[in-house]
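Q: Let me give you the structure first, and then I'll get to my questions.
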Amino acid sequence: MVESTPTLEGLKQRLASWAGFERGPRPQDLTARLNRAEDIPAAVAELCAAGMALASLVATDEETTAERDLKIRYIFEPASHSLRPLPDVFVTLVASLDAARPELPSIAVEVPAANWHEREAQDLFGIVFSGHPDPRPLVVHDGWPKGLYPLRKRFQAGQRPPVEPAEEFPHLLVEGEGVLEVPVGPIHAGIIEPGHFRFSTVGESILNLEARLFYTHRGLEKRIEGMTTIDGFHVAERICGVCSVAHGLGFCEAAEQIAGIEVPGRARVLRTLALELERLYNHVGDIGNIAAGASYHYGTSAGLRMKEALQQVGERLTGNRFLRGLLVPGGVRFDLSAEEARSVKTTMAATAKALASLMERIENNPTVIDRLDTTGLLPLPDAIALGVTGVGARASGVDRDARRDHPHAAYGVGSDLKVTVATESDGDVHARLNLRAAEARESMRLVLALLASLPSGPLVAPMPAALPPRRVGLAAIESPRGAAIHWLRSDAAGRVDRYHLRSASYANWPAVPLAAQSSIIPDFPLVNKSFELCYSCTDR
């Protein structure tokens, strides 16, 4: 039974049999250090019963410390905004593992959202999760040497490992009369990044879909080890082109937590303005992409026109169409002039008019609506079980938005900057389309409110050359695709010891094959575009 009003003290009591406690990354957070790794399933069950949901899983190699072990951290947050009085809290379960034989029980059966996390930790750290329902490799691909774990400290990032003979990847085989396999990718006809989709179909109906990603894994989390704060920020900002503000801000806020830096008010508002402009150009462009999936070419062009106008505004503000280069740890690099503010207001008015016209045309086109309705269904229980976030979750009825639930930048500072969170209940492509339009309208309202509330003052607070040693920072940022969880730990010299990003796309990709099973194969592009996930910030 879910505890209706969980408290930190109540959570402590639930976990007291298995753990000792310490302060979390932020004053309101809680870290529970488990006495034994085998107690993980019981402790996780208690948190789930209290209404908490898995937000991220972070493995670390701490062989360079006196403890000389691997650690794994399960990070939980309230599953719903309705769970009070814990709207903005993270609870971390920490388990230590023997580096020579790292093994612990899997929680993926009881908590499906942990499935990918555990497989990734298996591939990159060599941690064995006994009882995992699908222990196949996730991140490392065919030919990667067995027993070589690239996020262990002893792995040298510059080495080129030998390629071993590749075995055929063990795909799920669906057999029966009339069943066909249709492989798509990993190289596609468009300019998207590589991903392999293997369909099992009878006629046009999809019986099963397996998606295999991580073809362009760049090793960014290894690359960032040992970097200074500013160098690490430049890597984080480039994890994904269309979420550069969100990912850059997540790294900044985690580092600023560790350093104890208070970002000036003007900088916080400008950061929030950039986040909403990023969300807006993504949402209107994605509405056009959904129209493309439905073969509604007017809608595709209209979405691209709106996106282009917004990206031109971004270029005028920051010198970059993707708003890159505005943020810096401690604040922002550029101010906003009165002329630039007027340009933003003019573009908001034009975008509002164009979006209203496009949505009216879509809703009055029965051929398009027929393609959208009941296509790509993601029921609420599945969205919750898989830990889906952002538009994909809210369109299925999950009331969660990090702008409200884990306030960052300037969100919630004053009544005008409180975010109105929209939800839909149908969980289909139509619901995800409508939700994007609603969120685009809310973004335009927020942009105008931010311009009206821009305070005077400095743009940046000085950051120390080195972070305080052995500290952890944790930030949740609502990116255009949903909440991204950033975990950062400093080393003994105040540089980056470990940085981990659980992007929204990473959380949402497992939902795409599930939603596709309610569709026919010609509608898969439509289903895929309605989630509009990113390969780049999934692969990292």
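The values are calculated or read from the model by the stated rules, or taken from the named source; none is laboratory data. Here the structure is a predicted model, which means the values were calculated and not measured. Every residue, glycine as well, gets a Cβ built from its backbone with ideal geometry; the counts of neighbours run over all protein chains shown.
Q: Just name the residue that is modelled with the highest pLDDT out of those in region 407-427 that are crowded, with 17+ Cβ neighbours inside 10 Å and either part of a helix (DSSP H, G or I) or in contact with a Phe, Trp or Tyr (Cβ under 8 Å, 6 or more places away or on another chain) (or both).
A: Among them, the one singled out is Val419.
Q: Collect the residues in region 394-426 that are hydrophobic (A, V, I, L, M, F, W, C) and out of contact with any strand residue (DSSP E or B) (no Cβ under 7 Å at 6 or more places or on another chain), keeping them in residue-number order. Spell out how you get there, then give the answer.
A: Of the residues in region 394-426, the ones hydrophobic (A, V, I, L, M, F, W, C) are 395, 398, 402, 409-410, 413, 417, 419, 421-422.
Ala395, Val398, Ala409, Ala410, Val413, Leu417, Val419, Val421, Ala422, listed by residue number.
Q: With respect to Lys353, determine if the residue is farther than 26 Å from Asn528 by Cα, out of contact with any helix residue (DSSP H, G or I) (no Cβ under 9 Å at 6 or more places or on another chain) and free of Cβ contacts under 8 Å to residues at least 60 places away in the same chain.
A: yes
Q: Another question, then. Just one of (1) on the phi > 0 side of the Ramachandran plot; (2) at pLDDT 95 or above trips up Gly319, so point out which.
A: Gly319 satisfies all of (1) on the phi > 0 side of the Ramachandran plot; (2) at pLDDT 95 or above except (2).
Q: Which condition does Pro186 not pass, out of (1) on the phi < 0 side of the Ramachandran plot; (2) outside the structural domain of Arg489 (by TED's automatic domain parsing); (3) touching a residue at least 40 places away in the same chain (Cβ under 8 Å), if it passes all the others?
A: (3)
Q: Working carefully through the options Asp61, Asp98, Asp39, find the one that is crowded, with 20+ Cβ neighbours inside 10 Å and not assigned by TED's automatic domain parsing to the domain that holds Val388.
A: Asp61
Q: Another one. Filter region 323-342 down to the residues that are more than 14 Å from Ala274 (Cα to Cα) and in contact (Cβ under 8 Å) with a residue 12 or more places away in the chain, then identify the one that is surrounded by the most Cβ atoms within 10 Å (Cβ to Cβ).
A: The qualifying residue surrounded by the most Cβ atoms within 10 Å (Cβ to Cβ) is Pro329.
Q: Would you confirm whether any residue within region 398-412 is of a type in the set (A, V, I, L, M, F, W, C) and in contact with an Asp or Glu (Cβ under 6 Å, 6 or more places away or on another chain)? Outline the logic, then answer.
A: Kept after step one, since they are of a type in the set (A, V, I, L, M, F, W, C), are these residues of region 398-412: 398, 402, 409-410.
With in contact with an Asp or Glu (Cβ under 6 Å, 6 or more places away or on another chain) added as a condition, the list becomes 402.
Yes, some residue in region 398-412 is of a type in the set (A, V, I, L, M, F, W, C) and in contact with an Asp or Glu (Cβ under 6 Å, 6 or more places away or on another chain).
The rows are residues; the columns are (1) at pLDDT 80 or above; (2) buried (at least 17 other Cβ atoms within 10 Å of the Cβ).
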position: Pro161; (1), (2): yes, no
position: Glu164; (1), (2): no, no
position: Ala189; (1), (2): no, no
position: Arg198; (1), (2): yes, yes
position: Leu213; (1), (2): yes, yes
position: Thr216; (1), (2): yes, no
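Q: Quick one: would you say Arg361 is outside any helix (DSSP H, G or I) and of a type outside the set (A, V, I, L, M)?
A: no
Q: Still on this structure, I have one more. Check region 390-404 and report whether any residue there is charged (D, E, K, R), touching a Pro at 6+ places or on another chain (Cβ under 7 Å) and modelled with pLDDT under 95.
A: Step one: of region 390-404, the residues charged (D, E, K, R) are 394, 399-401, 403-404.
Now narrow it down to the ones that are touching a Pro at 6+ places or on another chain (Cβ under 7 Å): none.
There is no residue in region 390-404 that is charged (D, E, K, R), touching a Pro at 6+ places or on another chain (Cβ under 7 Å) and modelled with pLDDT under 95.
Q: Could you figure out which of (1) closer than 30 Å to Asp61 by Cα; (2) surrounded by fewer than 13 Cβ atoms within 10 Å (Cβ to Cβ); (3) out of contact with any helix residue (DSSP H, G or I) (no Cβ under 9 Å at 6 or more places or on another chain) isn't true of Leu173?
A: (1)
Q: A further question on this structure: Residues Gly387, Gly325: which one is under 23 Å from Ser530 (Cβ atoms), outside any helix (DSSP H, G or I) and under 27 Å from the mean Cα position of the chain (by Cα)?
A: Numbers: Gly325 fails: under 23 Å from Ser530 (Cβ atoms).
Testing whether each residue is under 23 Å from Ser530 (Cβ atoms), outside any helix (DSSP H, G or I) and under 27 Å from the mean Cα position of the chain (by Cα) leaves just Gly387.
Q: Residue by residue through region 498-531, note down the ones that are buried (at least 24 other Cβ atoms within 10 Å of the Cβ) and among the charged types (D, E, K, R).
A: Arg502
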